[in-house]
Amino acid sequence: MALPIKAPIQPWSKVKIAILRDYAEQYMRIMGKRRFEKHYVEAFAGSGTHTECTTGDDVLGTPREILAIQPSFQHYHFIERDPGRAAELRKLAPPPSAQIHVYESDANETLLTTILPQIEFPKYRRALVFV
């Protein structure tokens, strides 16, 4: 059964999204000056847009908020099991010189077998992972 494209969220989820965005901005302020290849990984990414339950307003999800951060990550890995939500993530435009990777699969398996093996310490790759 397909899930609604815009997941309903409570007001406190907007606070969580703002906290994660602030954290990612600080992370990139520090890491942006280093020569590491920087990855952002989000399991259970949703579609990138939510609907606030109390008001019915659209709320930008963490994928859209993180894509707006400057300096940007070089790679964005979004994991979403629902086909409709994954399709919406594929429509997102990456910042210049960045790539978006959307995985329509189980987050636990994909993190361990596909994404994390790419982020190797000796190859100067670092990641901010949100599960």
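The values are calculated or read from the model by the stated rules, or taken from the named source; none is laboratory data. The structure presented is a predicted model; accordingly, all values stated were derived computationally and were not measured. When we count neighbours, we look across all protein chains shown, and the Cβ atoms used for this are built from the backbone with ideal geometry, even at glycine. Remember, those area values only see protein heavy atoms, side chains included, never the ligands or the DNA or RNA. Shrake-Rupley method; radii C 1.70, N 1.55, O 1.52, S 1.80 Å.
Can you tell me what share of the DSSP beta bridges in the chain is antiparallel? A percent to the nearest 5 is fine.
15
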Placing unit charges on C-beta atoms (Lys and Arg positive, Asp and Glu negative, everything else neutral), compute the dipole magnitude of the stretch 1-41 about its Cα centre in debye, rounded to 20.
160
For the chain, the per residue accessible area (1.4 Å probe, Å²) is 57
Count the net charge of all other residues whose Cβ sits under 10 Å from the Cβ of residue 66, scoring Lys and Arg as +1 and Asp and Glu as -1.
-1
Semi-axes of the stretch 12-76's equivalent ellipsoid from the Cα gyration tensor, sqrt of 5 times each eigenvalue, largest first, rounded to whole Å?
25, 12, 8
Roughly what would the spin-label model give for residue 87 and residue 18, points 7 Å off Cα along C-beta, in nm?
3.4
Of 98, 119, 131, farthest towards positive along the dipole that unit charges on Lys, Arg, Asp, Glu beta carbons give the stretch 74-131
98
Within a Cβ distance under 12 Å of residue 4, other residues only, what is the Lys/Arg minus Asp/Glu net charge?
0
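Please compute the contact order of the chain in relative form: average sequence separation of alpha-carbon pairs under 8 Å and at least six residues apart, divided by the residue count, as a percent. It would help to have the intermediate numbers written out before the result.
On the way: 224 pairs, mean separation 39.9, N = 131.
Relative contact order, the chain: 30 percent.
Mind putting a number on the dipole of the chain about its Cα centre? Charges go on the C-beta only, +1 for Lys and Arg and -1 for Asp and Glu, and I need it in Debye to the nearest 20.
620
Can you show me the helix-derived [θ] at 222 nm for the chain, built from DSSP H runs with n ≥ 4 at -39,500 (n - 2.57) apiece and divided by the number of residues, rounded to the nearest 500. Provide the component values of the computation, followed by the final result.
On the way: 4 runs with 39 residues, N = 131.
Helices in the chain give a 222 nm mean residue ellipticity of -8500 deg cm²/dmol.
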Cut-off 12 Å between beta-carbons: net charge of the residues surrounding residue 110, Lys and Arg +1, Asp and Glu -1
-4
What fraction, in whole percent, of alpha-carbon pairs in the chain exceed 19 Å separation?
49
Choose one answer from 25, 52, 120: the residue with the largest mean-square fluctuation in a GNM of the chain with alpha-carbon springs under 10 Å.
120
Measuring from label point to label point, each 7 Å out along Cα→Cβ, what is the residue 68 to residue 29 span in nm?
1.7
